Each structure stands twice: as structure tokens, then as C-alpha cells.
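Notes follow once the structure below has been shown.
The values are calculated or read from the model by the stated rules, or taken from the named source; none is laboratory data. Note that the coordinates shown come from a computational prediction; the quantities given were computed from them, not determined experimentally. Positions of Cβ are backbone-derived with ideal geometry, glycine not excepted, and every protein chain shown enters the neighbour counts.
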Amino acid sequence: MTSASLSARPAQLRPSPVRRLSRVTVTSVITWFAGGCFVLLALAVLGSVAITSFATSWRAGWWPDAFTTRWYGQAWNDTGISKSLFVTFEVSVAVVLIALAAGVPAGYVLARKKFPGKSTLMLIMLLPIILPTMTYAVQLAAMMYRIGLGGSLAAVILVNLVPALPLVVLITVPFVEQISPEVENAAKVFGASSLRLFTRVLLPLLAPGVVAAGILCLVRVLGSFELTFFVSNSRTQTLVVTIFGALSDPGGVPAPLAAAMTVFYMIIALIGLVIAFRFSNPADALSRRGR
Amino acid sequence: MANQTPARTRPGFESLQMRGVSRTYGQTRALVDLDLELTRGEFVALLGPSGSGKSTALGCMAGLQPLSTGSIWRDDVRIDTVPVEKRGFGMVFQNYALFPHLTVQKNVEFGLSMRRVAKDERRRRAAAALDLVQLTGHAAKIPSQLSGGEQQRVAIARALAIDPEIVLMDEPLSNLDATLRIEMRTEIKRLYQERDLSVLYVTHDQEEALSLATRLVVLRQGALVQSGTPKDLYANPVSAYVASFMGYRNLFAGHVAGRAEDGAVHVVADDLELVGRLVTGEDTDNAAQGTAVTIAIRPEDIRVAAPSASNAIQVIVEVVEFHGRELAVRARTSRGLAIHFKTDESVVAGHPATLSVPRDRVLVFAR
Amino acid sequence: MTTTVEGRAHTVPARSRQPLRHRLADRGIDWSLLLLLPAVLIIGGLFVYPFLYGLSISFEPLKGNNTLSNYTDFLSDSYLRDSIVKTLRLALPVAFVSVAFAAPLAFQARRNFRGRQAITLVFMLPLTFGSILIAQGMMRVFSDGGWINLLLETVGIPKHQFIYNYAGTFIATTMVTIPFVFLLLMGFFGGIDRSLEQAAGTLGASRAARFWRITLPLASPGMVTAFTLALVEAFAVFPSAILVGQPDNATHVLTLPIYTAASQHSDYGSAAAIAMIMTVIELIILVVLVTVRNRIYRGPATSGKG
């Protein structure tokens, strides 16, 4: 019997209640609430700095006593922030570029090739990001001073390369592994030399990984403290070092002044983040690492 | 080996029904007012291309997807509001979905331990299930140590171990290579017959559906198009769409040129002039001249014939494939229409031939 | 016509003289290894060499002849020795709390939903800005007259000291590690094949059973990794121990003696020695954690032919 529809059936019922796929449970409510609290706290902590920077003074209470913008002028002129901003910019760009230039090819080789000593090399290469920077910052600084680079911009760039490079390698490897080796073989069969293979095939495919690595590198360098702290002097400090100096200054830098300094830093970091999110989602890079 | 009580004496359902089920998410209408019935003991295959809604229907039946409208009934009890973990259907997934951190034994026992079956009985029933799929020695392995076919069999054993009243299967064979697919197909049929199961099976492969099912349901864009036994659908598809699924490889767009005395129609498509059987049309009895139609012919219904045969097609043979007992041939009419047919006569590429097809095997569908 | 290969034994020279280049290539040594050179130079010159240099000067104390006196001085001074305990007392709870807090959050957020991008961005803020900025903000929010205490007062709970003590550094550190762990785990949880949870559902597992029997075991290697990385982060705490902690007492973590030795006493040998001790402790912890992770890793979190 062929039929295009069932014969007699009961009259159409009321549609079943729409059930959302993820039901609202007690645990999920608590979790989202906790998450919300954390977000609020983070925003409060960061926001308070911004608010303080506009305060004449803020002794106690919910709100500053009065508002002003004079701290920004003072911060810009007197505290060396303007110099630090420039230094931070130079250092970040230099470190990211060098780390990418050295790290991406290294990541490629480590992902594709097997050779004697590979695992030892990988282990040594990962140590700088596994170990706290303090465990090697001092020795590195001592060495920099010994060869006469102490206090120079070059020294700051060099020391920040140490954790940046392994980070680039670590992120590049899974991205390279994702590219099937057959793609490279195909390119070679069709006549691509190694250079053409790299520029026309590999680089475009690796672009998201390179961008993700560059961004995470940038974030790391911006916030890098201990390494820069031990090799820099007042002319070659990055923003965070200058800010730390202001905060721990026994002479007592006024809180709003320090806050204004920090706001400069926040703006730079925010710009970096926004640019980052236009290009890729670093959360993906972190999740790929886990596979 | 005697295992659980024979199916017929097991308490169970008589019929499972989807009534007016729709499922819409975002802009996609995956199911549209679907009515589907599964009687106890049937092997129903949901057939259709991707996007036809067949996997969605299965997901709704299992409780993995909510309904936008409609209801699902087990006899006279409404079950679409019952969560998936309480429905008690066995399910085999397309990608097997074996728990990678558990051994084969623990995988198969999983459903039983969810039902708090005692340890000894759990072991026994899981071992029996593994025995059914002939994987007894592999109990201690973990899924990554198994081949694709073995993983598939574990997935089946896992679904059967809980002794479900109905097994849902979502394209279980599509990830296997050709030989294995055919072998596993026979296994599934054997299990169905031996264990007296009821099965709802989703596939896009008509050969699979035809060989396994007791009843076929063809879906298109979320709606039911035809439901019937494989034989019915094979011989009498109700539309060109169903025909295209049932191996009617020769499909031509044409129009009605006239009626014959006994109700047959003359149809014309390019340089084809045939007499056929009108299956659907606005007015089946009075198809007007010039009505646009689709002509559907199965390759196995076309024979090489003498030049004077009736309902003939003149062709030049183009490609000949050796298929063992017969040849699969593609030929072209003088206007370039491709005709697929099968024959055990020897034909040579590049040579002309005359083909003939019985008029009741030329199906004509109004467009 | 078929051809058959039969056994007229061909004598092939046992080790034909392949060019050196080919033999090396078989073992993986070819020109492409040159791509490693810049990275190797950087790591070798800027990490391995200074590390070894530091190791050597740690055995050359400023005063006296005993090569080990840098180490013995540190380990025999109870104040200094205690910094090891204080570091662990800070790092371990921070890592625990971070994972415990972030895991349920990451689990809820594992599927794509509207606003996931925005939430990711917000969570990245503390990470990007760093602990110094957070410490600075905390000096307002958590101070005696700050927002948190004001809030507590309004609700009737007595004021509490959150800053310039253990709690201050703890909060500052978790504010950085929680987002980090959250992002990491969100990727891990999301990477668990959805069909596994569905299969468990069809087999009768309730939501809770699905979480405890399927999702959690599959995510546990990832959780151990997240814990390890959070621990490493927390181990490295330094500026917040000074700014919002109690650097002389409760938060006198291992990084501080290194700092004082180097910048206040210019005793680089001693600083290097303490750094060595810190490295060894951390490596021991890492080895333990990696072993644990490897024991529970059972394979990829997708099923068969995904």
C-alpha cells in the first residue's frame, strides 16, 4: 500500500511546549551569577583606576571628592610616561617581529620533521615559559650588564625575546600540524620551489596562527615586568615598569597621578586587544593547544 | 544461545507516532508537519538527501531535539515531553560516539549501569551483546584501538545491550568503506530478525534502504513524500523525486503529445518519443496535450532490441562498464540525451543500438 | 599475460654507498634544519647560557670560600627558607580556586551562544592589563574605605582587611589566573564531541550523570593542564606580593629574596642560587603534575571517526 499520508488520525494537538536546549538549572544559575560577579569585580577594579585618574582627591566613600583632568598633563610632562610609551611601542614591535621571524620557521620544522635530539630541543625551548621569569631574569640582567648592554633598549628587546619566542613556537606547531603534508606535496608536484611553497602555500594557510601568536606575544610583552625591570634604566623603561616605580615609590606619588599614568597604559593595551579581536580569536589558539 | 525473553512476550509498544511534528531553528525549517508511524516489529528507513530532515526526525524521536510543533506518541502516552534519558530507545550514531575513555566492555555496559542493573547481570548482558556482534575478545580494549568496523559493532552492541524496544540508527554505515558497509548491512539485518527488534533507520543510500527496510519513508525538505514497502516504492514511485531516489536514473523533461486508447500517454522529450504511464498530474484522466512532464525509466527496464521494436530509442553507445553478470551502459541519442541501461548482450562503444522499454515501465510525472 | 617474480636471488650490495646527504636525510637531518637556527641561537644565547652562567656564579659566594654557602645561607635562615612554604601556600590555593571557579563557568559557556565573543573579551581584560594594574585598582576597591568594604557595611557585615596581607595577593593573582583558566577550559570543554553526551543521554544518563561520567573524565586531562599552568602563573607572583601583599611576612614569596639580593645587595651569586632553588622546586612540581596527567589521559575527546 502506497500512501502519501496516514489515514485517520486524532485531531491535531496543541503544539508541545518549546523546550530550550539548555535547561535552566540551579547549578547553571549559580554559575552564571558567580561569573557575573567576577566580571563586575574585574570591571570595578579596572574602572576604579580610570575614575581615580580624574579625581582631585578621593579620601573615602563611593565617589571621588571632585574631578579634574590636570593629572593627565602632569603625567605626560613630569613622570616620564611619554618616554615609556614610546619605548613600550618600540620594544613590543621589535620583539613581536623578531619572535615571529625566528619562531614560525622553527615551529614549522618542529611540527614536521623528526631528528635526533628533537624532544630535548623542544623541552629546552619550552622552559622559558614554564619557569617563572624571576628564575632567569636576574642572571640574564647580570649578563647584559657584563657585556655592556645594561640599561639599553637593545637589552630590553633581547630579554623580552626569551619568553616570546617559545610562545610563538608553541602556538605555531598545532597550526602547522593542521595543514596536511599532502598539501605541500601537491605544491611540489606542481612545481613549487621551496620558497614559492612557503610564500604561496604555507604562509597564507598559517596566517591565522601567525596572527594569533603575534597577538598573544604582544599581550605578553606589554605586561612583562620582571625581565624589563632588571635591565632597564629610566630612559628605557616600559610602561609597566614606570607605573610600578610610581606605585612603590616611598616618596608617595599621588594616587590620581599614578592612575593617570596607568590609563595611558590601558589605552594602549585596549587598542592592542581591539585590533587583535578584529583579526582572530585568541581563545581558539588557546583551545587548539589543548588537543 | 537463549538470552532474554523472546520479543513478542516482552511488554512493549504497539505503535510509535509522530503527529504534525515540525522543527524550526533560526531560519531553517528542518521538519514540516511530519506524520510518521512505526508499528512494532517494523524496520522503517527514512530516506532522503542531506537537508531532507531525516536526521532531525530521528533526533526528535530520540529526544535530542525539541519539537517546534506537534507531538510524539507511544501508543496512547505522549512522549515528546519526556527527556531523552527516560525514553529508553537505543541509538547508534553516525560517528559511533563511543566513550573514548572507557573500555569496550564499559561502553557496552554503560546503559545498563545507568539503569542500576546489578554488576553480575550487567557483565553477562554486555558479554551477550558483544557476542551478538562477534566482538567477544575485544572487551578490554579502548575504542581508539579498534578499526572503524569494529567500533561500529561496539556501538550497535551498546545500543542492544539495554534491550531497547526500538533502535534508532543515524546513517551508521556511511563512514565505512564499501565492502565493510555491505557486510555490516547484512549483520544489521540479521540482528533485526534474530532479536525481533523495531528499527528506525536513517540513510541517504537507496540500496541500503531497499535491502534493509520493511517500509520506506522518503522525505523532502522536511516533509513526507511517500511511505510504503520497498517493492511499492521501487515499482511505483509517486513523484519524480522519489523515482530519482529509487534508481530511476533516466530522467527527462518533456511534454505530453497525446493520449492512447487505454489511458497511456504519448510523451516527447527532445528526440525521444515514448508511450508511458501517467502517475501523477492535475487531472490524471485528462492530461492535456502539452502538459510539462518528467519521464522516469529504470536502467534495468531498458533492453537492447531489434530495430523494429515498439517504444524504441535509437542510440549510439558511449561508455560500457563491466559489472560482472551484466554491462552497465551509457548511450546517447542523436540529440545528446544520455540513456543508462543494463544488458547482458555485448555492445560496443561507438556503435549504434536500438533500445526498447515496456510502456508500463515508462513513468510519467506531471511537473 | 601475467608476469611472475621468481627467486633468482639478486645480490644487492649490503650497504651501497649512498651519499652522506641521503643517509643523514633518512635520520631527519637536512637543510631545513637551518630554519631552526635563529630560534636556537636566541634560546641558546639568551636563556641556556645565562642560566648556566647563573648556575656557575651561584657557586661563587661574595664572602668566604665555601662554594655552597649561597645555598646553605638561604636554607639555614628560617625566614628565607619559609619563603618556599609561603610561595606554595599561595600558589596551590590560587591554582585550585582558579580551576574550581572557572571550570563550571567554562562548562556552561562551551557551546557557541550570542555574546560569547563579548564575554571572552571581558575575561581577557584582567589578563591583558596584568597584575600591576589590578593591584593598583585593588588599592581603591579593596581598601579600608573602598567599595567592597562600603558594600559590606551597607549589608551589615563588618569590615574586613582585604589588602596588604595574604588576601590581597591572593585576590590579585586569582583575578589574572581565573580568566586564563576559563579561556583554556572553554576550549577543552567545547572540544568534547557533543555526540558523546547525546549518546550517554540515549543510554539513560541524566544531566548530572552525563557530566560526572562522560564530560568530566574527558576534560580531566585538560583540567590538570589548566591547573598546572595556573600554578606556574601563581608561582611567579612578584609585583602584587609587594604592592598589595605583605612582602615582609605573609607574602614573602620566593621571588622576593631574589629581588632583594640582586637590587639591594648586588649579590648576584646569591640571587642566582635562590633562583636555582626556585627552579628545582617548580620542576619537581611540574614533573609530578605531568605524570598525573599522563596517567589519566585516555585518548582524544572525539569518538572514533569524528
Every pair of residues 6+ apart whose Cβ atoms lie under 7 Å, when the first sits in the stretch C:253-277 and is at negative phi while the second is basic (Lys, Arg) and surrounded by fewer than 23 Cβ atoms within 10 Å (Cβ to Cβ): C:Val253/C:Lys86
Given (1) at pLDDT 90 or above; (2) farther than 16 Å from B:Ala161 by Cα; (3) part of a loop (DSSP other than H, G, I, E, B), number of the condition B:His101 does not satisfy: (1)
Failed item in (1) more than 8 Å from chain C (Cβ to nearest Cβ); (2) in contact with a helix residue (DSSP H, G or I) (Cβ under 8 Å, 6 or more places away or on another chain), with A:Tyr136 passing the rest: (1)
Criterion violated by B:Asp285 - all others in (1) at pLDDT 90 or above; (2) within 22 Å of B:Asn236 (Cα to Cα); (3) surrounded by fewer than 16 Cβ atoms within 10 Å (Cβ to Cβ); (4) not β-branched (Val, Ile, Thr) satisfied: (1)
Residues satisfying the stated conditions in the stretch B:99-138, i.e. among the β-branched types (Val, Ile, Thr) and away from chain C (no Cβ under 13 Å): B:Val133, B:Thr136
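Listed here are the residues, each with its yes/no results for (1) in a helix (DSSP H, G or I); (2) within 20 Å of the chain's Cα centre (by Cα); (3) on the phi > 0 side of the Ramachandran plot; (4) not hydroxyl-bearing (Ser, Thr, Tyr).
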residue	(1), (2), (3), (4)
A:Pro64	no, no, no, yes
A:Ser82	yes, no, no, no
A:Glu90	yes, yes, no, yes
A:Ala94	yes, yes, no, yes
A:Leu100	yes, yes, no, yes
A:Met143	yes, no, no, yes
A:Leu167	yes, yes, no, yes
Test: residue in the stretch C:87-95 that is farther than 19 Å from C:Gly168 by Cα and not hydrophobic (A, V, I, L, M, F, W, C): no
Lone unmet requirement of (1) in contact (Cβ under 8 Å) with a residue 24 or more places away in the chain; (2) part of a loop (DSSP other than H, G, I, E, B); (3) at negative phi; (4) not charged (D, E, K, R) for C:Phe113: (1)
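Check whether at least one residue in the stretch B:270-281 is of a type in the set (A, V, I, L, M), assigned to a strand (DSSP E or B), without any contact (Cβ under 8 Å) to a residue 60 or more places away in the chain and within 23 Å of B:Thr354 (Cα to Cα), and report yes or no.
no
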Whichever residue in the stretch A:95-111 is more than 8 Å from chain C (Cβ to nearest Cβ) and within 13 Å of A:Glu177 (Cα to Cα) and, among such residues, is surrounded by the most Cβ atoms within 10 Å (Cβ to Cβ): A:Gly107
Given (1) more than 12 Å from chain A (Cβ to nearest Cβ); (2) closer than 30 Å to C:Glu282 by Cα; (3) in a helix (DSSP H, G or I), number of the condition C:Ser131 does not satisfy: (1)
Selection count, the stretch B:68-98, where residues are within 13 Å of chain A (Cβ to nearest Cβ) and either closer than 30 Å to C:Ala219 by Cβ or outside any strand (DSSP E or B) (or both): 10
Number of positions in the stretch B:288-298 that are of a type outside the set (A, V, I, L, M) and either modelled with pLDDT under 85 or surrounded by fewer than 18 Cβ atoms within 10 Å (Cβ to Cβ) (or both): 3
Whichever residue in the stretch B:148-189 is touching a helix residue (DSSP H, G or I) at 6+ places or on another chain (Cβ under 9 Å) and hydroxyl-bearing (Ser, Thr, Tyr) and, among such residues, is farthest from the other protein chains (Cβ to nearest Cβ): B:Thr186
Candidate set from the stretch B:192-205 (those that are at pLDDT below 90 and part of a helix (DSSP H, G or I)); member that is nearest to B:Phe89 (Cα to Cα): B:Arg195
A:Val241 more than 26 Å from A:Val104 (Cα to Cα), within 10 Å of chain C (Cβ to nearest Cβ) and surrounded by 23 or more Cβ atoms within 10 Å (Cβ to Cβ): yes
Unique match (being farther than 30 Å from C:Ala205 by Cα, outside any strand (DSSP E or B) and in contact (Cβ under 8 Å) with a residue 40 or more places away in the chain) among B:Glu208, B:Glu183, B:Glu187: B:Glu208
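Given the stretch C:150-251, what helices (runs of 4 or more DSSP H) lie entirely inside it while holding 1 or more residues that are over 30 Å from B:Met61 (Cβ atoms) and either more than 9 Å from chain A (Cβ to nearest Cβ) or small (Gly, Ala, Ser) (or both)?
Output list reads C:166-190, C:216-235, C:239-243.
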Qualifying positions in the stretch A:32-62 - surrounded by fewer than 19 Cβ atoms within 10 Å (Cβ to Cβ), hydrophobic (A, V, I, L, M, F, W, C) and in a loop (DSSP other than H, G, I, E, B): A:Ala60, A:Trp62
Filter pass, B:Ala243 being under 30 Å from B:Val315 (Cα atoms), crowded, with 17+ Cβ neighbours inside 10 Å and out of contact with any Gly (no Cβ under 6 Å at 6 or more places or on another chain): yes
Among the candidates C:Pro38, C:Pro50, C:Pro93, C:Pro104, residue that is within 10 Å of chain A (Cβ to nearest Cβ), under 20 Å from C:Val181 (Cβ atoms) and modelled with pLDDT of 85 or more: C:Pro104
Residue satisfying condition, being out of contact with any Leu (no Cβ under 7 Å at 6 or more places or on another chain), of a type in the set (Gly, Ala, Ser) and under 23 Å from B:Met91 (Cα atoms), within set C:Ala172, C:Ala205, C:Ala167: C:Ala205
Per-region count, the stretch C:214-237, residues more than 27 Å from B:Met114 (Cα to Cα) and without any contact (Cβ under 8 Å) to a residue 24 or more places away in the chain: 1
Criterion: of a type outside the set (Ser, Thr, Tyr), in contact with a helix residue (DSSP H, G or I) (Cβ under 6 Å, 6 or more places away or on another chain) and either touching a residue at least 12 places away in the same chain (Cβ under 8 Å) or part of a helix (DSSP H, G or I) (or both) - qualifying residue of B:Val218, B:Val256: B:Val218
Residues of the stretch A:146-169 satisfying the condition of being free of Cβ contacts under 8 Å to residues at least 24 places away in the same chain and within 9 Å of another protein chain (Cβ to nearest Cβ): A:Arg146, A:Leu158
Number of the condition not met by B:Gly324 [criteria: (1) within 14 Å of chain A (Cβ to nearest Cβ); (2) in a loop (DSSP other than H, G, I, E, B)]: (1)
Condition broken by B:Gln65, with the remaining ones in (1) assigned to a loop (DSSP other than H, G, I, E, B); (2) more than 15 Å from B:Leu160 (Cα to Cα); (3) touching a residue at least 60 places away in the same chain (Cβ under 8 Å) satisfied: (3)
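Answer with yes or no whether C:Ile163 is modelled with pLDDT under 90 and crowded, with 24+ Cβ neighbours inside 10 Å. It would help to see each step written out before you state the result.
Working: modelled with pLDDT under 90: yes; crowded, with 24+ Cβ neighbours inside 10 Å: yes.
Yes; evaluated as a whole, the condition is true for this residue.
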